[in-house]
1. With respect to Pro128, is the statement that it is within 12 Å of the ligand (Cβ to nearest atom) and under 30 Å from Leu27 (Cβ atoms) true?
2. Taking the range 130-174 on its own, how many of its residues are within 22 Å of Leu56 (Cα to Cα) and not β-branched (Val, Ile, Thr)?
3. List every residue pair whose Cβ atoms sit under 6 Å apart, with the two residues 6 or more apart in sequence or on different chains, where the first one lies in the range 32-61 and is assigned by the TED database to the domain that holds Phe162 and the second, anywhere, is surrounded by fewer than 18 Cβ atoms within 10 Å (Cβ to Cβ) and of a type in the set (Gly, Ala, Ser).
4. Looking for whichever is touching an Asp or Glu at 6+ places or on another chain (Cβ under 8 Å) and within 12 Å of the ligand (Cβ to nearest atom) here; the options are Glu179, Glu145, Glu149. Which one fits?
5. Please enumerate the residues belonging to the range 261-295 that are out of contact with any Lys or Arg (no Cβ under 8 Å at 6 or more places or on another chain), among the charged types (D, E, K, R) and under 19 Å from Ile347 (Cβ atoms).
6. Would you pick out the residues in the range 316-341 that are aliphatic (A, V, I, L, M), at pLDDT 95 or above and in contact with a helix residue (DSSP H, G or I) (Cβ under 7 Å, 6 or more places away or on another chain)?
7. Consider Val221 carefully, then state whether it is modelled with pLDDT of 95 or more, in contact with a Pro (Cβ under 8 Å, 6 or more places away or on another chain) and of a type outside the set (Lys, Arg).
8. Residues to consider are Pro175, Pro159; find the one that is surrounded by fewer than 19 Cβ atoms within 10 Å (Cβ to Cβ), under 22 Å from Gly136 (Cα atoms) and not hydrophobic (A, V, I, L, M, F, W, C).
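The values are calculated or read from the model by the stated rules, or taken from the named source; none is laboratory data. Because the structure is a prediction, the values reported are computed rather than measured. Please note: Cβ atoms are built from the backbone with ideal geometry, for glycine as well, and neighbour counts cover all protein chains shown.
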Amino acid sequence: MPTTTADIAATVSGAREVFDSGVTRPLAARTAGLRALRAMLTENEAAFEAALWSDLHKGAGEAQLTEIGVVLAEISHTLRHLRRWSRSRRGPVPLGLWPARARLVPEPLGVVLVIAPWNYPMQLLLDPLVGVLAAGNTAVLKPSELAPETSALIARLVPAYFPDGTVRVVEGAVPEATELLAQRFDHIVFTGSGTVGRIVMRAAAEHLTPVTLELGGKSPVWFDDDAHLDQAARRLVWAKFTNAGQTCVAPDYVMTTPDRVPALVEALGRAITDLWGADLRASEDYGRIVDERQFDRLVSLLDGTNVVIGGDHDRAERYLAPTVVTLSGDRLSVGPDAAHPVLREEIFGPVLPVVAVDSAEQAIDVVNAWDKPLALYVFTSSARTRRLFEQRTSSGAVVHDAGLIHVAASGLPFGGVGASGMGAYHGRYSWNAFSHLKPVLRKPLAFDTLRLAQPPFGGLGSRLAQRVMRRG
Ligand code: NAD
């Protein structure tokens, strides 16, 4: 595996040579790349499940649903539509340029770097790769060092399934990532924290490399659907405590009115037992915190809160029970000025604050007072309240009556806005992100209307041409 500076530079230049040779451009090569990726997953499912279990205590069911299955679905969706996306289309030509013809020709960008985080170490590395390959690029993958088994598995499998070097892997942590970022790429897809996102964007600026940044933040929830309390609670705890809360689009905190808090907390408790059983620690379906640093951070977030569900933890096992907390104090804010640490930063773990606010309008003010979230979830039976959140807040996505599910919709763009990210991918949107749509015009030499755009000006012809041009 490349680890030295020279190795990393050679890996990137190798990927560039393959791209420059043109082998990745034909539709057949792109399709073959996607099939190779599919084979890499389907022929090694057990190995992926084992790696995810080792890195995150992710059970086989969850690994299939949130990692392997998501990437396979993205591959199927892309293979179904690739021929249509790849076609060049006729482009419009304004009257002033007639006679002329224009086509819009999609072309690959070149070498794309994909940097992934540890929480969905397979999905967030390979899902962007689907679009990168579909668009005819070559790729350099940088898996997360904090999911070492998944990283090692991918590093071992990629050369076997992509022997032509269209996809390459550089394993490692900050030094390797820094060295990679010093290289020139044609696009960078980064998924991770805003802090590192800034580092990536600065490095990319040196080469004027465009970036897709998939970042995080606090994704809020509004709840006032008394008639569907238990269903809402079940969906909420599923969205929150899947992967032990270490999901970029996990509900971060729930806002509801003070009178609803007791019933909601009770329903959340019932739902947790329903999903993971009474002995959570023994559940094969409940994850672990990725490392001690994150574990200590999460446990310290509980200080100053009222733990109303869970809270038990075991550092040796990196186990933290699904935990619900309430907060006292009358000045509610979210962001760096918040009174409680748990509302100051993205929680990114199995701690769910239930926060009392006066009304949906006040909840909207809370959301709008800080960074635009990656997702916003609304559980209400009121169409007016749904509209209110859709129209008066801005977020990467809005989901009503559920959480997380938009990630699995290959036809929808997935991404953040403002501090939660830049650019979007999945399906067609990956195609758009990793292709350049190149207009190609042809102006026949015969019937040379361009002469009217050339000096000397002032004749009847050029005045007429100016008029036509203005009409667009
Ligand atoms: P991170 O930013 O610490 O690390 C992400 C990647 O960047 C890793 O591969 C890491 O090796 C690399 N990296 C770390 N420091 C670097 C540096 N100085 N220079 C270059 N590269 C560096 O993020 P994480 O802890 O792995 O993931 C957690 C964050 O990711 C959370 O904020 C979460 O919300 C966000 N996230 C976002 C999405 C999304 O799709 N929007 C998905 C998952 C996670």
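1. yes
2. 18
3. Glu49/Ala60
4. Within the list Glu179, Glu145, Glu149, the selection yields Glu145.
5. Listed by number, the list holds a single entry, Arg293.
6. Result: Leu320, Ala321, Val324, Val325.
7. yes
8. Of the residues listed, the single one that is surrounded by fewer than 19 Cβ atoms within 10 Å (Cβ to Cβ), under 22 Å from Gly136 (Cα atoms) and not hydrophobic (A, V, I, L, M, F, W, C) is Pro159.
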